[in-house]
Amino acid sequence: MAKPSFDKFATMLDRAVDSIPPHFLRNLTGGFNLQRYEKCEGEYYILGEYIEDSILGCFIVFYYGSFVGLLEDEPNECWEAEIIDTVLHEIQHHLESLAGQDDLAQEEIEELAKALRTGDKRD
């Protein structure tokens, strides 16, 4: 299956974001942003990230190129599921930040450390 165009991807992302109840978006001052390029950390694609900046505020960035690198030949349903999972994941970072927690970040660090120790190259 052909990968969705950037515009089609943006529409899919908008649908996922628009389904989030507004009270979960409190203090997400920079909203949601979509970049065309991929972002990687070592061999791992970064699909999205939650950013807190003293000047720009709190916002979420999604990387279309990373989704392409991970899902290029997958069917549309896989793209939609991964978009929803990524949106939920980044919103969880935001909500944990509002609550003064970093449980998800700690979990990610432990998962990365385990992968590095075992040589697991999952995306």
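Mind listing whichever residues of segment 24-42 are surrounded by fewer than 16 Cβ atoms within 10 Å (Cβ to Cβ), of a type in the set (D, E, K, R) and assigned to a loop (DSSP other than H, G, I, E, B)? Residues satisfying the conditions are ARG26, ARG36. Selection over segment 86-111 of residues that are part of a helix (DSSP H, G or I), under 27 Å from VAL17 (Cα atoms) and modelled with pLDDT under 80 gives a count of 8. Quick one: which of GLU52, GLU74, GLU80 is closer than 18 Å to ILE20 by Cα and of a type in the set (D, E, K, R)? Result: GLU80 is the single residue among GLU52, GLU74, GLU80 that is closer than 18 Å to ILE20 by Cα and of a type in the set (D, E, K, R). Find the residue count for segment 48-85, including only residues that are surrounded by fewer than 19 Cβ atoms within 10 Å (Cβ to Cβ) and outside any helix (DSSP H, G or I). Total satisfying the criteria: 14.
With respect to the conditions (1) in contact with a Leu (Cβ under 7 Å, 6 or more places away or on another chain); (2) more than 21 Å from ASP102 (Cβ to Cβ); (3) of a type in the set (Phe, Trp, Tyr), PHE59 falls short on a single one, namely (2). Kindly indicate whether ASN33 is touching a residue at least 24 places away in the same chain (Cβ under 8 Å), in contact with a Pro (Cβ under 9 Å, 6 or more places away or on another chain) and of a type outside the set (Gly, Ala, Ser). No, not satisfied.
Whenever a residue of segment 71-86 is free of Cβ contacts under 8 Å to residues at least 60 places away in the same chain, its partners that are part of a helix (DSSP H, G or I), lying with C-beta atoms within less than 9 angstrom and at least six residues away or across chains, give the pairs CYS78/LEU71; GLU82/PHE67; GLU82/LEU70; GLU82/LEU71; THR86/LEU13; THR86/ALA16; THR86/PHE67. Scanning segment 6-53 for residues that are out of contact with any Gly (no Cβ under 9 Å at 6 or more places or on another chain), under 19 Å from GLU74 (Cα atoms), at pLDDT 95 or above and not aliphatic (A, V, I, L, M) yields PHE6, ASP7, LYS8, PHE9, THR11, GLY48.
Taking segment 1-23 as the range and being surrounded by 11 or more Cβ atoms within 10 Å (Cβ to Cβ), under 21 Å from CYS58 (Cβ atoms) and not aliphatic (A, V, I, L, M) as the test, only ASP14 passes.
The values are calculated or read from the model by the stated rules, or taken from the named source; none is laboratory data. Source: prediction; values computed, not measured. We place every Cβ from the backbone using ideal geometry, glycine too, and count neighbours over all the protein chains shown.
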